[in-house]
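Q: What follows is a structure written as structure tokens; I'll ask about it next.
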Amino acid sequence: MSITLIQADITTLEVDVIVNAANPSLLGGGGVDGAIHRAAGARLLQACRVLPEIAPGVRCASGDVRLTPGFDLPARYVIHAVGPIWQGGTRDEARLLASCYTRAMQLLAQRQLRSIAFPAISCGVYGYPAPLAAAVAVAALREALANRPADVVLCSFNATVRQAFQAALDSASTHPH
């Protein structure tokens, strides 16, 4: 199992796939979503626009993922993951967040790719508390890696999120399932 934690700009990473913390429209937004769209170039938005809507203005439901090429990014692909909006933890947020990580890892396996970098899905404007999100992410990734090895990078943009993910990784290594 290989999970590496770094603090960096995810758009600069040379991996097979970077994961975008997207909104349901997949048409770009703020935070990591906007940064990935800017770095990938206009073709990424065009690729997202042609993905079918599952409801008016919705191309991807919360907890699900969609794949596009990486275009101008060093990464070959982008997996757009729509995390849940934090509503206090009583609206199935943990299951939906875990599903983002699990489904992204399933796509990685289906495409026979080896390396993937994740941002802290839902920890920005969606308001998911970083310590809780980190615990969900690490558990989902450990389970996925038990079935198929891959090189996973957890990429945090700031020290607060990096510390939350480090604590979750430390806790997982001292309490293996």
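Q: Condition test on Val82, is it closer than 23 Å to Asp151 by Cα and either touching a residue at least 40 places away in the same chain (Cβ under 8 Å) or surrounded by fewer than 20 Cβ atoms within 10 Å (Cβ to Cβ) (or both)?
A: Yes; evaluated as a whole, the condition is true for this residue.
Q: Still on this model: Applying the selection to the stretch 33-91, what residues are under 21 Å from Tyr128 (Cβ atoms) and polar (S, T, N, Q)?
A: Selection gives Ser62, Gln87, Thr90.
Q: Output the residues belonging to the stretch 50-70 that are in contact with a Lys or Arg (Cβ under 9 Å, 6 or more places away or on another chain) and either among the small types (Gly, Ala, Ser) or over 19 Å from Gln112 (Cα atoms) (or both).
A: Leu51, Pro52, Glu53, Arg59, Cys60, Gly63, Asp64, Gly70
Residues are listed down the side, and each one gets a yes or a no for (1) touching a strand residue (DSSP E or B) at 6+ places or on another chain (Cβ under 8 Å); (2) of a type in the set (Asp, Glu):
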residue: Ala8; (1), (2): yes, no
residue: Thr12; (1), (2): no, no
residue: Asp64; (1), (2): yes, yes
residue: Leu73; (1), (2): yes, no
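Q: Then there's this: So which of Arg162, Arg142, Arg103, Arg114 is at pLDDT 95 or above, touching a Ser or Thr at 6+ places or on another chain (Cβ under 9 Å) and of a type outside the set (S, T, N, Q)?
A: That would be Arg162, the only listed residue that is at pLDDT 95 or above, touching a Ser or Thr at 6+ places or on another chain (Cβ under 9 Å) and of a type outside the set (S, T, N, Q).
Q: Now for a different question. Which residues, counting only those in the stretch 106-121, are touching a strand residue (DSSP E or B) at 6+ places or on another chain (Cβ under 7 Å), more than 18 Å from Phe165 (Cα to Cα) and not in a loop (DSSP other than H, G, I, E, B)?
A: Passing the criteria: Leu107, Leu108, Ser115.
Q: Here's another thing I want to ask about it. In this structure, is Arg103 touching a strand residue (DSSP E or B) at 6+ places or on another chain (Cβ under 6 Å) and not in a helix (DSSP H, G or I)?
A: When the stated conditions are applied, Arg103 does not pass them.
Q: Output yes when any residue across the stretch 122-129 is surrounded by 16 or more Cβ atoms within 10 Å (Cβ to Cβ), modelled with pLDDT of 95 or more, touching a strand residue (DSSP E or B) at 6+ places or on another chain (Cβ under 9 Å) and in a helix (DSSP H, G or I), and no when none is.
A: So far as the stretch 122-129 goes, no, none of its residues is surrounded by 16 or more Cβ atoms within 10 Å (Cβ to Cβ), modelled with pLDDT of 95 or more, touching a strand residue (DSSP E or B) at 6+ places or on another chain (Cβ under 9 Å) and in a helix (DSSP H, G or I).
The values are calculated or read from the model by the stated rules, or taken from the named source; none is laboratory data. Since the model is a prediction, treat every value here as computed from it, not as a measurement. Because the Cβ atoms are built from the backbone with ideal geometry, glycine has one as well, and the counts that use them run over all protein chains shown.
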